[in-house]
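The values are calculated or read from the model by the stated rules, or taken from the named source; none is laboratory data. Note that the coordinates shown come from a computational prediction; the quantities given were computed from them, not determined experimentally. Cβ atoms come from the backbone with ideal geometry, glycine included; neighbour counts cover every protein chain shown. In case anyone asks, the SASA skips ligands and DNA or RNA and just uses the protein heavy atoms, side chains included. Shrake-Rupley method; radii C 1.70, N 1.55, O 1.52, S 1.80 Å.
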Amino acid sequence: MSTSPDITDAPGAETPSSPPAAAGGEEPQKLPLLALIALATAVFITSLTETLPAGLLPSMSSDLAVSESATGQTVTIYAIGTALTAIPLASATAGWRRKRLLLTAMAGFAVANTVTAVSSIYGLTMVARFVAGVAAGLAWALLAGYARRMAPVALQGKAIAIAMAGIPVALSLGVPAGTFLGTQTDWRVPFFVMTGLTVLLLVWISATVPDYPGQQAGERPKMLRALKVPGVTPVLFVTLVFVLAHTVLYAYIATFLDDHGLGGSTDLVLLVFGGASLASIWIVGSQIHAKLRALTVASTLLVAVAALLLAVLADTTALVYIAAALWGLGWGGIPTLLQTAVADAGGDQADAAQTMLVTLWNVAMAAGGIIGGVLLDVSGSDSFPWTVLLLLLPVLVVVLVARGHGFPAKRPTPQSS
């Protein structure tokens, strides 16, 4: 997953599709819901495309004639594709019209999912998954900023939250539904369905999502310059370590639950997690404008408490479900919080900062899958929640310390474009 550089228009650029000012110079306090839901659907497709193989590993590995662990690398190669290409592609396409770029990214998903669905060759499947990751890099470098630009200033956090709702929906409903469909029919069917949904989304975006200009050559992001902006580095650190902590546990949650006698309830546990994540997105969206710092601290503590419950009381079924709910409440709003934090901190360098956040997010996801596999082999699944707790400690410290820049007690007042 990750974010979006497109926070401000090029100076002097005319953007007729921006939210119009009301009489007296005040912006109308309403959101373009149809366009934002289109962006949420794009987020849903990117998130579900990444994680869908996890529920289909046995049948995929059989058809591709490789082991399940090798098939599991179809998730890792996706994250690697995003991590390796997000920064160079964001720079190369900085001058493109935003709508054209979004349509290109989503078309990439249609192609990649179609090839995945028809391929019987492991190498070709891995290439298709890498291409999907590249398309994700393009998409994530647009989506949050796109939502932000469509909204009045006071509602920008809520707009991002609506767009990012596609993540928990994909994880809580999309993955179980795709797994059920694949097991009842054939593992290829969910990928064909994803292609069909993407084609419909291309029409939807064309009809409802406003366009914005790209950046002029002199305004394009400079990565190293962004790292020198106070507050950017703390947000990027929190992104890397928080996502790493989450992925170590989430990628192997089925194994963890099976080891504690709940293997048959994985879908229900994920449903609780996803429902709580949706609630978290709503809470964050309504409160982020004034309480970004407090919400980030609360999110960190909620995930930490959930990990502690799983570490010491995972044999008690009711407490596992409580832990899943707390985990979802803590995690669901994190994409919105971190994207908003890095946009606030980055200022004029927000484009570069957001692109780096995209890259680090996917580096953390790839690393989480690898580290989780090593931990499973060396220490067993009980090491996962303890690892989460260990990683969240420096996250909490950095958030608390970065009260001047990064996670300030009072957010800077955003300027209307």
Task: Residue in the stretch 332-349 that is over 21 Å from G231 (Cα atoms), open to solvent by less than 40 Å² (accessible area, probe 1.4 Å) and of a type outside the set (A, V, I, L, M) present - done: yes
Task: Of the criteria (1) surrounded by fewer than 23 Cβ atoms within 10 Å (Cβ to Cβ); (2) closer than 22 Å to V66 by Cβ, which one V134 fails - done: (2)
Open item on the list: Going through A325, A294 one at a time, which residue ends up being more than 20 Å from the chain's Cα centre (by Cα) and part of a helix (DSSP H, G or I)?
Closed with: A294
Task: From S286, S299, S280, residue being surrounded by fewer than 16 Cβ atoms within 10 Å (Cβ to Cβ), among the small types (G, A, S) and at pLDDT 80 or above - done: S286
Open item on the list: Against the condition in a helix (DSSP H, G or I) and either under 14 Å from L360 (Cα atoms) or open to solvent by 30 Å² or more (accessible area, probe 1.4 Å) (or both), how does L257 come out, does it pass?
Closed with: no
Open item on the list: Between S379, S383, which is free of Cβ contacts under 8 Å to residues at least 40 places away in the same chain, open to solvent by less than 50 Å² (accessible area, probe 1.4 Å) and not aromatic (F, W, Y)?
Closed with: S383
Task: Lone qualifier among V169, V243, V203 - being modelled with pLDDT of 85 or more, in contact with a helix residue (DSSP H, G or I) (Cβ under 7 Å, 6 or more places away or on another chain) and assigned to a helix (DSSP H, G or I) - done: V243
- [ ] Please find, within the stretch 137-153, the residue that is most open to solvent (accessible area, probe 1.4 Å) out of those that are farther than 13 Å from T340 by Cα and not aromatic (F, W, Y).
- [x] L138
Task: Listing of helices (runs of 4 or more DSSP H) fully contained in the stretch 24-130 that carry 2 or more residues being closer than 28 Å to L360 by Cβ and either open to solvent by less than 10 Å² (accessible area, probe 1.4 Å) or among the small types (G, A, S) (or both) - done: 33-51, 68-92, 98-118
TODO: Could you pull out the residue among S17, S59, S120 that is of a type in the set (S, T, N, Q), under 30 Å from G263 (Cα atoms) and modelled with pLDDT under 90?
DONE: S59
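Residues are listed down the side, and each one gets a yes or a no for (1) surrounded by 16 or more Cβ atoms within 10 Å (Cβ to Cβ); (2) of a type in the set (A, V, I, L, M); (3) free of Cβ contacts under 8 Å to residues at least 40 places away in the same chain; (4) under 30 Å from L84 (Cα atoms):
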{"site": "A314", "(1), (2), (3), (4)": "yes, yes, no, no"}
{"site": "A323", "(1), (2), (3), (4)": "yes, yes, yes, no"}
{"site": "L396", "(1), (2), (3), (4)": "yes, yes, no, yes"}
{"site": "R403", "(1), (2), (3), (4)": "no, no, no, no"}
Open item on the list: Anything in the stretch 160-186 that is open to solvent by 40 Å² or more (accessible area, probe 1.4 Å) and either in contact with an Asp or Glu (Cβ under 6 Å, 6 or more places away or on another chain) or of a type in the set (S, T, N, Q) (or both)? List them, or say none.
Closed with: T183, Q184, T185
Open item on the list: Please count how many residues of the stretch 302-312 are under 29 Å from A154 (Cβ atoms) and either free of Cβ contacts under 8 Å to residues at least 60 places away in the same chain or over 20 Å from the mean Cα position of the chain (by Cα) (or both).
Closed with: 1
